[in-house]
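Note sheet for the following structure.
Just so you know, all these numbers are worked out from the coordinates, no wet-lab data involved. Since this is a predicted model, take the numbers as computed values, not measurements. Note that we place each Cβ from the backbone using ideal geometry, even for glycine, and neighbour counts take in every protein chain shown.
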């Protein structure tokens, strides 16, 4: 992409006193004419570049110009490259690796990014997820609708959506787009999509900013209290934080938090086996009881029937 190449050229000129057009053409795998057009575009953008002909000539930033040649410090570059590596972890191509190489020209020691921060955004289902990300990203850039089959707790449905943003949140990838069926902006989980394909072009509308706060996505309906065996303290800390419980005199953990639906409560309590007891609310205690009875009936040995 042209903007990637121009950023790369500027990065090289900030790190080197002078480079030749053939060098840049070879580095970015384009013609000298393309490099010359990029240099003209940078000049039009306000960067005073000087071109000197001859054996010792080349392209450089005008001497005395006040641009800070440390625009990207070592720490800045490492942070940028670490972020790009994170994006590359979910891409089905080597697009971001190529951009990393362009940005790190002349500072090969930075190519690894911040070696103390490793960002891996890939999923266990990367082989299925990466093609979806690539297709949706292409649809966003080219302003094309996408169609897909969507699976949610409410059932299966066919959707036609104007895609606007790819979002990584809650350890999952989502699409933010205008849904024709809902006639509103909606958040769709990529792993719940099948039969994904490009559709008709669309004209972009004013995009609302998605509210990604947990209380908006999962509005609380129940305040839950439960006794949890101390052997599961690690789960409470990991899932809800150390402030979500207090230790009782007998060593049990009194857990309190909010849940958005009853099925989540029942499933969560059941996942502890005998290690948890739901205390409140009472109506959900009764649902847990009925759930337990149903499980007992389903798995009761035939000899006891």
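Hull volume per residue, based on the alpha-carbon atoms of segment 2-61 and their convex hull, is 74 Å³. Each Cα pair under 8 Å and six or more residues apart adds its sequence gap; the mean of these over the residue count of segment 174-256 is a relative contact order of 20 percent. At residue 254 and residue 271, where each label point lies 7 Å from the Cα along Cα→Cβ, what is the point-to-point distance in nanometres? With each label point 7 Å from Cα toward Cβ, the separation is 2.5 nm.
Once both labels are positioned 7 Å from their Cα atoms along Cα-to-Cβ, the gap between residue 264 and residue 33 label points is 5.9 nm.
Between residue 181 and residue 217, the contour length at 0.36 nm per residue exceeds the Cα-Cα span by 11.0 nm. The residue 143 and residue 195 beta-carbon pair, evaluated with R₀ = 25 Å, returns a calculated FRET efficiency of approximately 0.75. The value of relative contact order for segment 201-305, using C-alpha pairs under 8 Å at least six residues apart, is 29 percent. Computed from label points 7 Å out along Cα-Cβ, the spacing between residue 243 and residue 154 is 3.3 nm. For segment 126-206, the relative contact order is 33 percent, taking Cα pairs closer than 8 Å that sit 6 or more residues apart in sequence and dividing their mean separation by the residue count. Across segment 218-299, the fraction of Cα-Cα pairs farther apart than 20 Å, rounded to a whole number, is 31%.
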